[in-house]
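To start, the structure under review is shown below, and the notes come after it.
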Amino acid sequence: MPLVQLIYVSSACRELSDEELEHILESSIRHNTQQGITGVLLYTNGSFMQVIEGEEAAIEETYSRICDDDRHKDVFLLSKEVIAKRDFPRWAMGFRRLSRGKFESHPAYAPFLPDGFDAERIGAQPGVATEMLRQFSGA
Ligand code: FAD
């Protein structure tokens, strides 16, 4: 079964509280641990970017569940590719809530973050999503 990496961005249906984000994270860690999935979830200004990595069937099932979740909308698939090894092996689901100060320390990414993650600009620049996930998560 091939190892697959999938990255998407989405918009929260409303500004989520710390408690709601905590629920999403707990649920993600519980399911992902069972399915051998690792990854990172970034959240800023009502906008998500997530990478999930694992066996193809587990990624398909999990992504379908994520897409059906009505806590977010406009799920935009940035990439889905077979990989030789994981880029984000460290966490069942790492999480970072990004503040404006965090962006200011990475000015090269400002064009991709005008008001949350800009799916079209990020999608037009291959590799930038993985770089941002790596830089902002500290992976
Ligand atoms: P539980 O984890 O038991 O749900 C806990 C509580 O969360 C519920 O009581 C309910 O209040 C609330 N809840 C659950 N589902 C929904 C829903 N669809 N709409 C509104 N409230 C709900 N899941 C993963 O397995 N792996 C991931 O990496 C992952 N990443 C996510 C990223 C984002 C941005 C979001 C929004 C969700 C993510 N999820 C992920 C969660 C996933 O979408 C499902 O909600 C979850 O897997 C359902 O698990 P469960 O049935 O065990 O519910």
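When the stretch 16-55 is limited to residues that are of a type in the set (Asp, Glu) and over 19 Å from Lys73 (Cβ atoms), the one that is surrounded by the most Cβ atoms within 10 Å (Cβ to Cβ) turns out to be Glu53.
Out of everything in the stretch 98-124 that is outside any helix (DSSP H, G or I) and closer than 22 Å to Tyr63 by Cβ, what residue ends up being nearest to the chain's Cα centre (by Cα)? That would be Phe117. Residues in the stretch 1-15 that are over 16 Å from Glu56 (Cα atoms) and among the aliphatic types (A, V, I, L, M) were compared, and the one that is surrounded by the most Cβ atoms within 10 Å (Cβ to Cβ) is Val9. Just so you know, in the stretch 66-111 the residues that are without any contact (Cβ under 8 Å) to a residue 60 or more places away in the chain and of a type in the set (Gly, Ala, Ser) include one that is surrounded by the fewest Cβ atoms within 10 Å (Cβ to Cβ), and it is Gly101.
If the condition is being more than 15 Å from Asn45 (Cα to Cα) and either among the hydroxyl-bearing types (Ser, Thr, Tyr) or out of contact with any Lys or Arg (no Cβ under 9 Å at 6 or more places or on another chain) (or both), then the stretch 84-108 contributes Ala84, Lys85, Arg86, Pro89, Arg90, Trp91, Met93, Gly94, Ser105, His106, Pro107, Ala108.
Every number in this text was worked out from the coordinates using simple rules, so none of it is lab data. Small disclaimer: the values here were computed from a predicted structure and weren't measured. Here the Cβ is made from the backbone with ideal geometry for all residues, glycine too, and neighbour counts use every protein chain on show.
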